[in-house]
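We did not get these values from a lab; they are worked out from the coordinates using the rules stated. As the structure is a prediction and not an experimental result, all values here were calculated from the model. Here the Cβ is made from the backbone with ideal geometry for all residues, glycine too, and neighbour counts use every protein chain on show.
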Amino acid sequence: MHPVTAEVTERIIERSRETRAGYLAGVETARAAGTGRAKLSCANWAHAFAAESDADKKTLRDPTAPNIGIVSAYNDMLSAHQPLERFPAIIKAAAREMGAAAQFAGGVPAMCDGVTQGRPGMELSLFSRDVIAMATAVALTHDAFDAALLLGVCDKIVPGLTIGALAFGHLPVIFVPAGPMTSGISNGQKAKVRALYAQGQATREELLDSEMASYHGPGTCTFYGTANSNQMMMEMMGLHLPGSAFVHPNTPLRDALVAAASRRAVEIRDGTNAYAPMGQVVDEKSLVNALAGLLATGGSTNHTLHLIAMGRAAGVQLTWEDFDDLSRVTPLLARVYPNGTEDVNAFQAAGGMAFVVRQLLDAGLAHDDVMTVAGPGLRRYQTEPFLEDGKLTWREGPAASLNADILRPVDNPFHAQGGLRLLNGALGRAVMKTSAVKAQDLTVEAPAIVFEDQDALQAAYHRGELNRDFIAVVRFQGPRANGMPELHNLTPPLGVLLDKGFKVALVTDGRMSGASGKVPAAIHVTPEAADGGALAYVRNGDVIRVDALKGTLEIKVDEHELRARPRAACPPSGPGYGRELFGMMRRAASTADTGACSLFEAA
């Protein structure tokens, strides 16, 4: 192992010793209690399969026959989730081949950040993760299953499913993805039209034509944002079948992988030699593997929240310092839009996850000695699936990159360090995605212009007031203020100003998109303004310095003078769009650096 990876892993293990032991004790208690349906009364159990076919009823009344629970985030508004509509039938047919049954245990909500960007509904987005976790628990709490298959792909859905399923850590759990849509217009062309529209040089019709040519069919959006980062992490954590992440939907190979996940869930249930409970698959080492993959591929900053929350659900305590220390030794191996010009399909063609896994293991930057749903060892994930005479099998993935403009080996990376940096200073703690930021923009010192929301910044831009060097402070965007919406709509105007040669950066207690690009942004600032953070005291003209090279976030105002100022008042979260229903989650939310989660006791 690389000495830093080994040291960080060991300190996570030590830090988590008590909480992890408590979690595993609960897992063992649930396992020792035996299969749930064996404890159900005849009336209880009859309710559980009253609507099944006669053949499935015959299977299900046998207390030794396996039963697989399906939890799905299907809806046909999310392109990535629309293919999930077909999956339950495939899963059930494959289970029957194994002498087992599969039942649709429950659905979970799945909102599309792409639809709600810049809209009031985005204030529900982060906490939809916590709702999904609870909905997953509701689905599985019938205690009628030997294993579970989780169907979900996008931003908050996979972390929510993970958190919820970890409450049933005695069950084997396999994630079943849908895969990316085929490539549309080039990402460069899409970005160009967005920039033209931001400058008033393209019409709304032209912009819509461009967006529809990009987001054009079933499957995950092809840029490398949170959704595709989720899929990468599920591979690195051993919760997918190997190579499942980036196979297109509605293809024979994808259908074969769905069926194989069903069969594998039967094979790894309790009572078999291959038993692989989720609570053992997700541990300190597998979480470090997920983090290594995130850093090596320039993945989503949203996972500085989600990975911490997922870890807490398994009794593992991750910190932003762990992210930062591993980022300093994990080279950037991939450039996928917006960190590069090509999309996730080109990444897959260049070698994909099989290549990344091989490189990280060979360099000692990831752990091989982990349990996975495919069997012991992460090396299994340097293989890729294919069909041979219609039968699913796996072969070794490419040992060399097939396109060095997209994917590179550890000894010739795009950058010697990963794509995330922790910032500390008088303004608090923040994270910054550096993988797409030019070297000259990693340090910005300029006067602050303070905004209470993203709409105010947009309005100032359109009035022509921002053609200068400045640091945009967009505050009261944290989890306790308004649910921590993404501020992705700020990227086009700030990007235009950057292209004009101005020194521009963003400092916010909110989030940026998982596809954050070239604009330097200190995000997730904690303590947030609504919780007494220094951002609540910043005024227009205060000089702020964002320095990703030194890892600092400073304000050129004496701390006593800063805190002597009147504190800005947090605007109330607006009515409508369901926001009224999430007040308790905002009040219960933990800080960004502990996962911005409403489901756990305060750290």
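Sort Val557, Val336, Val71 so that the residue with the fewest other Cβ atoms within 10 Å of its own Cβ comes first and the one with the most comes last.
By the 10 Å Cβ count, ascending: Val557, Val71, Val336.
Only bridges whose two residues both fall in the chain count here: according to DSSP, what percent of them are antiparallel, nearest 5?
Values: 27 of 55 bridges.
So the antiparallel bridges amount to about 50 percent of the total.
Taking neighbour Cβ counts within 10 Å as the exposure measure, how do Glu321, Glu561 sort from fewest upward?
Numbers: Glu321 14, Glu561 9.
Fewest to most other Cβ atoms nearby, the residues stand as Glu561, Glu321.
Taking +1 at the Cβ of each Lys and Arg and -1 at the Cβ of each Asp and Glu, which of Gly179, Leu151, Met111 sits farthest along the dipole of the chain towards its positive end, judged by Cα position relative to the Cα centre?
About the Cα centre, the residue reaching furthest to the positive side is Met111.
Evaluate the charge dipole of region 382-467 about its Cα centre and quote only its size in Debye, nearest 20, assuming +1 on the Cβ of each Lys and Arg and -1 on the Cβ of each Asp and Glu. Provide the component values of the computation, followed by the final result.
Numbers: 8 positive and 12 negative charges, 45 e Å.
The calculated dipole for region 382-467 is roughly 220 debye.
Using the charge dipole of the chain (Lys, Arg: +1 at Cβ; Asp, Glu: -1 at Cβ; taken about the Cα centre), state which of Thr226, Phe246, Ile12 has its Cα farthest towards the positive end.
Highest projection toward the positive end goes to Thr226.
Treat the count of other C-beta atoms within 10 Å as a stand-in for reagent exposure and order Met1, Met234, Met111 from fewest to most.
Ascending number of Cβ neighbours within 10 Å: Met1, Met111, Met234.
If R0 is 51 Å, what FRET efficiency do you get for Lys39 and Asp76 from their C-beta distance, rounded to 0.05?
0.85
About its Cα centre, what dipole magnitude does region 420-594 give when the only charges are +1 on Lys and Arg Cβ and -1 on Asp and Glu Cβ, stated in debye to the nearest 20?
Rounded to the nearest 20 debye, it is 160 debye.
Straight-line reach only, C-alpha to C-alpha below 25 angstrom: list the lysines that Lys39 could link to, leaving out same-chain residues fewer than 8 apart.
Lys57, Lys58, Lys92
With Cβ to Cβ distances under 15 Å as the rule, what net charge do the other residues near Asp509 carry (K, R +1; D, E -1)?
For residues surrounding Asp509, the net value is -1.
To the nearest 20 Debye, how big is the dipole of the chain about its Cα centre, given +1 on the beta carbon of each Lys and Arg and -1 on that of each Asp and Glu?
On the way: 56 positive and 64 negative charges, 71 e Å.
Here the chain has a charge dipole of around 340 debye.
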